[in-house]
Each structure stands twice: as structure tokens, then as C-alpha cells.
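Asks: Sharing a structure below in C-alpha cells format, with a few things to ask.
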Amino acid sequence: MTAAGTTSVAPAPTHDEGPRGSLGQAVSDYVAKVKSGDIGSLSSVLGVIVLVVLFSVLRPGVFNTPANFANLLNQSAAVIFIAMGLVFVLLLGEIDLSAGFTAGTAAAVLAVALGSWGAPWYVAIVLCVLTGTLVGLLIGLLVAMLGIPSFVVTLAAFLGLQGVMLLVIGTGGTIPVRDSAVLRVMNTNLPDWAGWAFWAVVVVAFVAVGLLNQARRRRAGLAVGNQTLFWASVVGLAVLLGAAVFVLNLERARPNAPVSLSGVPFIVPVAVVFLVGLTFLLTRTTFGRHVYAVGGNAEAARRSGISVARVRITCFMICSSMAAVAGILFASRDNSVSPTTGGAQTLLFAVGAAVIGGVSLFGGRGKVQNAILGGLVIAVIANGLPLVTSAAGIQFVVTGLVLLLAASVDAISRRKSLVT
């Protein structure tokens with residue numbers, strides 16, 4: 001009884017009364033988050049795990065070898081770079097069907113600059129990236145200023161850039177790339193000690209960024225999140241990355257080979273640098289906030305003072321510039337550029353990588369890291385299926401079903417988030 005003669009009623013206990021720092025509470029919160037429709041990268045992470053286990057069981061001693069692991073990373077690099085650029089366009093609810101042939105056209109410019117023009121490698125790379133930026137600028141202007149649907153504009157670019165490639169390459173059909181600096185990008189590995197140094201830098205940087213974010217939230221009077229979960233993620237990252245470095249540092253050359261072959265592929269730290277830079281652009285800058293705002297509701301963004309046209313143009317320029325960087329990787333890995341560079345299933349794999357990784361096709365939701373996770377799923381399928389079956393039909397069917405499943409998960413999760 002209270003002083004006023006009324007009965008005091010204790011508040012009903014809720015699930016939030018548990019220890020906020022416990023791992024069990026973190027798991028409970030994450031399950032609730034998934035049930036509400038925000039699955040993030042869960043599907044892609046599970047996909048990688050299931051596929052790796054499946055192919056390791058079906059082709060033991062062939063799929064799960066250090067040499068195949070390194071080859072898988074090299075195979076997926078160009079597609080992942082295109083997918084990272086596509087994230088910016090997909091966040092707007094747009095699409096770029098020309099990204100694959102933008103990579104091929106930019107690679108053709110690189111090869112011509114190195115071969116026919118005799119330009120230094122750094123000049124050729126600048127011209128290559130500028131080619132992609134120009135393509136993105138033209139696409140962005142047509143979409144943002146004239147209001148032409150991005151599907152139509154990029155489909156026209158998809159067709160037109162194939163003709164541009166043929167005009168640049170000429171009648172020879174293939175342009176060899178012999179510049180050692182360009183070839184080293186996809187054909188060299190870090191020394192063993194550098195691989196471990198890379199591991200240490202990534203782990204320390206992850207901890208530093210996490211602690212700085214917590215300090216900033218404390219100063220703003222906001223909750224800092226679950227500490228147990230944070231340190232568990234640090235340990236998990238250190239163990240997984242350390243295991244990858246250990247495997248890649250094993251000797252991959254055949255017995256009695258004249259040269260040693262070991263170490264983390266050089267493209268891995270390059271991809272991490274782009275991941276960090278693009279993630280910072282999306283999550284720590286005004287431009288990044290504007291991208292999410294336009295993707296969530298373009299009209300509301302316009303009324304709040306955001307230049308929707310400028311955001312769209314910039315995103316298409318970033319997408320095509322990243323495709324041009326992927327063109328450099330194609331030229332480096334193949335030692336040449338042909339009319340098929342960037343063609344075939346390149347675009348489908350890149351879009352699939354972004355969607356499978358967790359980027360919403362409806363805009364407004366996704367991260368750059370999703371492209372890497374989804375790219376690994378695509379790479380494992382493309383690498384493992386040929387080891388299991390030589391039937392190309394089965395490979396296409398399985399890849400298509402995985403993409404359809406990812407799109408279905410995206411649609412279902414979006415519907416759940418709208419309901420809740």
C-alpha cells in the first residue's frame with residue numbers, strides 16, 4: 001500500500017531486464033532483429049559456410065586446398081569490385097546493366113594506352129579509370145536530368161559499349177598486356193611476414209574503430225551496444241582471418257616446382273583498402289547519408305533540400321569507376337584484353353553478388369561489405385560446381401536458383417519490415 005492508500009504494482013518484467021552485456025542477450029536481440037525482417041548478411045554468411053562444407057565433402061583434396069583457395073580469391077576479385085560499385089546504384093533503387101562492358105571498355109583503353117601509345121602504367125591506369133568515370137557521368141545525366149529509366153539507359157550502354165570495345169581493340173581481336181606493374185596486381189603474393197602484418201593491422205584497426213565509435217556514442221549519451229558481442233566479434237575476426245593467412249602462407253606450388261608459391265594474394269589488401277574507403281564514404285559522410293535518404297524516399301529527400309539529381313549522377317560515376325578498376329583486374333589476370341572481357345556472366349554475377357550479400361533491390365538498404373560476402377558465394381559456386389560436374393546446364397541452373405532465392409529473401413524480409 002502507498003501513502004495515498006493505493007496499491008503499487010510492480011512493472012511487468014520484459015526480455016530487456018536481463019544482463020545487457022551477456023552474449024545470450026545479444027543472441028536474443030539478433031534473433032528479434034532477424035524476425036523483424038532485418039537479416040543483413042546472414043543469408044550470404046550461411047551460404048558460404050554451407051557451400052564450402054558441401055564442396056569439401058564432394059571433392060575432398062581438390063576443392064579445399066590452399067591452391068584452390070587462393071585461386072578462388074583471384075577468380076572473384078573483379079566481380080567483387082564491380083559489385084561494390086553496384087551497391088551505390090542499387091541503394092538508389094536503380095540498376096546498371098552496362099557495368100560489365102564498362103569494365104571491358106576501360107580495360108581496352110588501358111591495353112591500347114600501354115601497347116599502342118607506349119604510355120607509362122600509371123598514365124594508362126588513370127585513363128582507364130577516367131573512361132569508366134565518363135561512362136558513369138553520361139549514364140547519370142541521362143537518368144537524373146532527362147528522367148530516362150536506368151534500365152533503358154544502361155541497356156543501351158550495354159549494347160553500345162560492346163561496339164566501342166570492338167572499335168578500340170580493332171580487328172586483331174586481342175590486345176596483349178605485358179606491363180609488369182599491371183600484371184603484378186593479380187599475379188603476385190605478399191611475403192609470409194607481410195601476410196601476418198596485414199592480419200595484425202586489420203584486427204587492430206577493427207578494435208580501434210569499434211572503441212572510437214563507443215567513445216563517440218558515450219559522449220552523445222547513447223547506448224554503446226553489447227560489449228560481450230563486440231569482443232566476441234573481435235576474436236572471431238582474428239581467428240578467421242588468421243586461419244586464412246595461415247592457409248595462404250602454405251606452399252601451393254607442385255612438388256619439384258622451380259619457384260615457390262605461397263602468401264596472401266596482393267589483391268586481397270587492395271580490396272580491403274577499397275572496402276574501407278567506400279564504407280567510410282557511405283557511413284561517415286553527408287553524401288552517404290544522402291544516398292540512403294534518396295534510396296529510401298526520393299521525394300522526401302528532395303523536399304528536405306537534398307540534390308537528388310547530383311546524388312544519382314555521383315552514384316553512377318562511382319559504379320562505373322569501380323567497373324573500370326575491375327577492368328584493370330581482368331587485364332592483369334588474363335594478360336590480355338579481348339572483346340569478351342567483362343562480358344558473358346560478369347554482370348549477372350556482380351548483381352547477384354550484391355543481392356545475395358544483402359543489398360536490397362528496392363533501394364535504401366545495404367552495405368559495401370555485402371558485395372564482398374555475396375561475391376564469395378558466387379565465387380564458391382563458380383569454382384566448386386565445375387569440380388563436381390562438367391555439365392554447364394547444371395551450373396547455370398544452380399547459380400540462377402541461388403540468385404532467385406536471394407531475391408526472394410530480400411522481398412520477404414522487406415515485406416516483414418514494412419509490417420512491423
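Asks: Looking at V182, V168, V204, V177 in this structure, which one is surrounded by 13 or more Cβ atoms within 10 Å (Cβ to Cβ) and under 26 Å from the mean Cα position of the chain (by Cα)?
Replies: V182
Asks: Also: Would you please name the residue that is farthest from R252 (Cα to Cα), looking only at residues in region 56-77 that are outside any helix (DSSP H, G or I) and not basic (K, R)?
Replies: P60
Asks: Right, here's the next one. If we scan region 285-292, do we find a residue that is of a type outside the set (K, R), more than 13 Å from V87 (Cβ to Cβ) and without any contact (Cβ under 8 Å) to a residue 12 or more places away in the chain? Before the answer, list the steps.
Replies: Narrowing region 285-292 to residues of a type outside the set (K, R): 285-288, 290-292.
When the remaining residues are screened for being more than 13 Å from V87 (Cβ to Cβ), the result is 285-287, 290.
Then keep just the ones that are without any contact (Cβ under 8 Å) to a residue 12 or more places away in the chain; that gives 285-286.
Checked against the condition, which is being of a type outside the set (K, R), more than 13 Å from V87 (Cβ to Cβ) and without any contact (Cβ under 8 Å) to a residue 12 or more places away in the chain, region 285-292 yields at least one hit.
Asks: Counting just the residues of region 68-104 that are hydroxyl-bearing (S, T, Y) and at pLDDT 90 or above, which one comes out surrounded by the most Cβ atoms within 10 Å (Cβ to Cβ)?
Replies: T102
Asks: Which residue pairs have Cβ atoms closer than 8 Å, lie 6 or more positions apart in sequence or on different chains, and pair a first residue in region 105-124 that is more than 14 Å from G170 (Cβ to Cβ) with a second residue that is polar (S, T, N, Q) and in a helix (DSSP H, G or I)?
Replies: Taking only residues 6 or more apart or on different chains, the pairs are A106/T131.
Asks: Might you let me know whether region 235-249 holds any residue that is in contact with a strand residue (DSSP E or B) (Cβ under 7 Å, 6 or more places away or on another chain) and under 27 Å from V182 (Cβ atoms)?
Replies: No, there is no match, as no residue in region 235-249 is in contact with a strand residue (DSSP E or B) (Cβ under 7 Å, 6 or more places away or on another chain) and under 27 Å from V182 (Cβ atoms).
Asks: Would you call T65 modelled with pLDDT of 95 or more, hydroxyl-bearing (S, T, Y) and under 25 Å from A353 (Cα atoms)? Show your work before the answer.
Replies: Working: modelled with pLDDT of 95 or more: no; hydroxyl-bearing (S, T, Y): yes; under 25 Å from A353 (Cα atoms): yes.
Answer is no for this residue.
Asks: Residue pairs, Cβ under 6 Å, 6 or more apart or interchain, first in region 172-199 and within 19 Å of L72 (Cα to Cα), second of a type in the set (A, V, I, L, M) and assigned to a loop (DSSP other than H, G, I, E, B). List them.
Replies: Listed pairs, sorted by first residue: L190/V264; G195/V264.
Asks: Restricting attention to region 395-415, and to residues there that are under 27 Å from T65 (Cα atoms) and in contact with a Leu (Cβ under 7 Å, 6 or more places away or on another chain), which single residue is modelled with the lowest pLDDT?
Replies: Q395
Asks: Is it the case that region 114-136 has a residue that's of a type in the set (S, T, N, Q), more than 17 Å from S321 (Cβ to Cβ) and in contact with a Gly (Cβ under 8 Å, 6 or more places away or on another chain)? Break it down stepwise before answering.
Replies: Of the residues in region 114-136, the ones of a type in the set (S, T, N, Q) are 116, 131, 133.
Okay, now just the ones that are also more than 17 Å from S321 (Cβ to Cβ), so 116.
Next, only the ones that are in contact with a Gly (Cβ under 8 Å, 6 or more places away or on another chain) stay: none.
Within region 114-136 (the criterion being of a type in the set (S, T, N, Q), more than 17 Å from S321 (Cβ to Cβ) and in contact with a Gly (Cβ under 8 Å, 6 or more places away or on another chain)), the answer is no, since none of the residues qualifies.
The values are calculated or read from the model by the stated rules, or taken from the named source; none is laboratory data. All values derive from a computational prediction rather than experimental measurement. Note that we place each Cβ from the backbone using ideal geometry, even for glycine, and neighbour counts take in every protein chain shown.
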